[in-house]
Amino acid sequence: MYTARVLERLLRPDEADLCLVNRENYWVYQPMLPEVISGSIGLMDVVCPIRRLCPRTNLVMREVEEIDLRNKVVTVSPGFRPRQKKIPYDYLVIALGEVTNFYGMPGMLENAMPFRTLADAIALRNHVIHVLEEADVEEDADLRRKLLTFVVGGGGFSGVEVIAELNNFVTEVKQNYLKLRNEQVRCVLVHSRGRILPEMADPLALFAQKILKKRGVEIILNDRLVAATSEKAILKSGLEVPSKTIVSTVPSASPVVLQGLNCAKEKGSLLVNSRLELVGFEGQVWALGDCASIKTASGSVVPPTAQHATREAATCALNITAAMRGGEARGFAFEGLGTLGSLGHGSAVAQIFGVKISGWLAWILWRTIYLMKIPGIKSKIRIQMDWLVHLLFPPDLSQTGTWQDSAIKNQHFEPGDIVFHQGDLGDSVYVIEKGECEVVKQEDGVERTVATLRGGNYFGEMAVLSDVTRNATVRARTAMEVLIIPKDDFNQLRKSVPAFGEVFQELARKRAEER
Ligand SMILES: Cc1cc2nc3c(=O)[nH]c(=O)nc-3n(C[C@H](O)[C@H](O)[C@H](O)COP(=O)(O)OP(=O)(O)OC[C@H]3O[C@@H](n4cnc5c(N)ncnc54)[C@H](O)[C@@H]3O)c2cc1C
């Protein structure tokens, strides 16, 4: 987003078409996400619509599925109509960030919550309110203790900010739960090293530890989360913490689409030179932010922070302009201004230009600096209003309705409605509950009906099983009720219940023979 914004300023409209692919249509200010947990910043106030921030850029709100560096094409996911879109490019910037990766950590995927996106923050806030509601009505003392225990893995900035916000929030709002007022809340931070906040100097990290402990946070050092069940967090030392809430901000990995990218990498991150060009694709592809392995022009390793990423974006934009106009590229030379971490409740730690500050002054500094960094006057005003309201009133404890029904769903079709088109990607399997449809094939501009399907029949399995596009169109003949099983759920069911998969394998085999 920052690269596009700078390119909009540098390039004339007749000089370049700018295109930004992002899975959301908003930009999110991650450093303020932990405050969404307590509601001290409103859900919508940490985000800005990209279309307003980059008015001259074509936004494609889709998922990047493949990057073909040789042929210079980016393939993005299908939309409402299941067809992939290919976007050819002359110059490409890759800035896909990182993901939390629970690979090799049994039960973490199912039971631990990552904390990176707005959706993660909303899910965590809703979950925390849910466990408080449950603890208030639960009579089993053991279960109540698990419901009131919150475990966070990772003592870097995001882990520390999350545990601080979580602890402040539950301690304050438990006063509103009649049966919880005198109950003990347990907030546990697990960190793999000898002290938290490895990015900061010893005195500041120790100050942060002291403040957190004073507020009742338990800190477990030199240990790490390695597994989880629905009942407990399991640490490397063998220690088990019974809990219904496990959050993990570590470990990080490249997004899946970059893991398969055939190019120079260092520890899984895209390897770039000091001009931020992807090694082997100089002058065509640039990479920046958390997904790239970057060293400054003087050789220092660039950490994965927003203050660096935004400046890398400006360097990329300048270098792309230079590549287009034949100018000279510049090296990335920003060495960092310092680090800031909020502990909530009027306390923070800061290390700026080598000066170490902690407590209230650091907190004011944290808020002022981060507020200045947010683009757009509207967001700045909204966040200041949020902070003022939070200062004057207790935190809100309403859940926001983001419950997700199962992806398997029912759908109604009227006569003549198309269920899917020939040539679409196979994204679901269908079971007819009521009604009738016809399967028609287009060949040389002529339409031919190849089958009529009725209640109890299945269809759509061939393209899903063989990962090819639909070889026919399916159209409702009568009003029709259908159960739609999305591809991922279908494959999961096939894996777990082989007999289920065999029914569809057999059907696909028969249909292939009939063709
Ligand atoms: C909770 C938290 C707190 C933080 N606090 C601070 C802080 O206080 N100070 C600081 O300097 N840094 C902080 N950081 C780090 C900082 O936010 C990151 O370093 C910075 O955002 C990296 O920018 P990026 O562009 O590389 O990635 P991101 O900002 O993560 O952006 C990547 C974008 O790519 C999109 N995307 C990813 N994969 C795909 C795909 N396949 N298709 C389409 N879109 C895709 C994502 O949706 C996202 O919009 C924090 C991070 C977190 C998670």
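Values in this text are rule-based calculations from the coordinates and carry no lab data. None of these values were measured; they are calculated from a predicted model. As a convention, Cβ positions derive from the backbone with ideal geometry for all residues, glycine included, and neighbour counts pool all protein chains shown.
Mind checking segment 1-41 for GluC sites (Glu not before Pro) that DSSP puts in a loop (not H, G, I, E or B) and that have at most 15 other Cβ atoms within 10 Å?
Details: sites: Glu8, Glu15, Glu24, Glu35; in loops: Glu15, Glu24.
Sites meeting the loop and neighbour criteria: Glu15, Glu24.
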message: For a bin width of 5 Å, list the pair-distance distribution of segment 457-515 built from all Cα-Cα distances, rounded to whole %.
response: 4, 15, 26, 27, 17, 10, 1
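When the helices in the chain are scored as -39500 (n - 2.57) per DSSP H run of 4 or longer and the sum is shared across all residues, what 222 nm value do you end up with, to the nearest 500 deg cm²/dmol? If you can, show how the numbers build up before the last one.
Numbers: 15 runs with 166 residues, N = 515.
-10000 deg cm²/dmol, from helical runs alone.
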- line: Among Val349, Gln384, Gly416, the residue whose Cα sits farthest towards the positive end of the charge dipole of segment 340-423, when +1 is placed on the Cβ of each Lys and Arg and -1 on the Cβ of each Asp and Glu, is Val349
query: From the square roots a ≥ b ≥ c of the eigenvalues of the alpha-carbon gyration tensor of the chain, which class results: rounded (a/c under 1.5), prolate (a/b over b/c), or oblate?
result: oblate
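Just add up the charged neighbours of Pro395: K/R +1, D/E -1, any other residue whose Cβ is under 14 Å from the Cβ of Pro395. Please report the intermediate quantities before stating the final value.
Working: positive: Arg125, Lys174; negative: Glu35, Glu165, Glu172, Asp386, Asp396.
Every neighbour counted, the sum reads -3.
Computed over the Cα atoms of segment 124-248, what is the convex hull's projected area averaged over all directions, in nm²? The partial results should precede the final answer.
Details: hull surface 29.0 nm².
Orientation-averaged projected area of the Cα hull: 7.2 nm².
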query: Which far-off residues, 5 or more places away or on another chain, put their amide H under 5 Å from the one on Arg215, with H placed in the peptide plane?
result: none
statement: In whole percents, the bins of 5 Å from zero upward hold the Cα-Cα pairs of segment 409-500 as 3, 14, 24, 25, 19, 11, 3, 1, 0
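Just how large is the dipole of the chain about the Cα centre, in debye to the nearest 20, putting +1 at every Lys and Arg Cβ and -1 at every Asp and Glu Cβ?
1280 debye
What trypsin sites (Lys or Arg not before Pro) in segment 170-200 are in a loop by DSSP, with at most 11 other Cβ atoms within 10 Å of the Cβ? Don't skip to the end; give the middle numbers.
Working: sites: Lys174, Lys179, Arg181, Arg186, Arg193, Arg195; in loops: Lys179, Arg181, Arg193, Arg195.
Hits after loop and neighbour filter: Arg181.
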query: Amide H neighbours of Arg186 under 5 Å, counting only residues 5+ apart in sequence or on other chains, H built in-plane at 1.01 Å?
result: Thr149, Phe150
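Rounded to the nearest 0.05, what FRET efficiency is calculated for Thr305 and Ile408 with R0 set to 41 Å and r the Cβ-Cβ distance? Let's see the in-between values first.
On the way: r = 41 Å, r/R0 = 0.99.
E(calc), rounded to 0.05, equals 0.50.
How high is the FRET efficiency between Val440 and Arg51 when r is their beta carbon distance and R₀ equals 56 Å, given to the nearest 0.05?
Numbers: r = 39 Å, r/R0 = 0.70.
Once the sixth-power term is evaluated, E becomes 0.90.
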statement: Between the alpha carbon centres of segment 113-183 and segment 372-398 the gap in Å comes to 22 Å
- prompt: Helix hunt in the chain: which complete DSSP H runs extend at least 15 Å axially by C-alpha with mean Kyte-Doolittle at least 0.0?
  reply: 118-137, 157-173, 202-214, 306-325, 360-373, 377-392
Stretch gain in nm, segment Glu335-Trp360, where the contour uses 0.36 nm per residue and the Cα spacing is subtracted: 6.3 nm
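In terms of the Cα gyration tensor, with a ≥ b ≥ c the square roots of its eigenvalues, is segment 238-279 rounded because a/c is under 1.5, prolate because a/b exceeds b/c, or oblate? Display every interim value, and only then the final one.
Working: a/c = 3.81, a/b = 3.15, b/c = 1.21.
The shape class here is prolate.
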query: What is the local net charge at Val301, summed over the other residues whose Cβ is closer than 12 Å to its Cβ (Lys, Arg +1; Asp, Glu -1)?
result: 0
field: Kirkwood hydrodynamic radius over Cα pairs of segment 440-489, then Stokes diffusion coefficient at 4 °C and 1.567 mPa s, in µm²/s
entry: 103 µm²/s
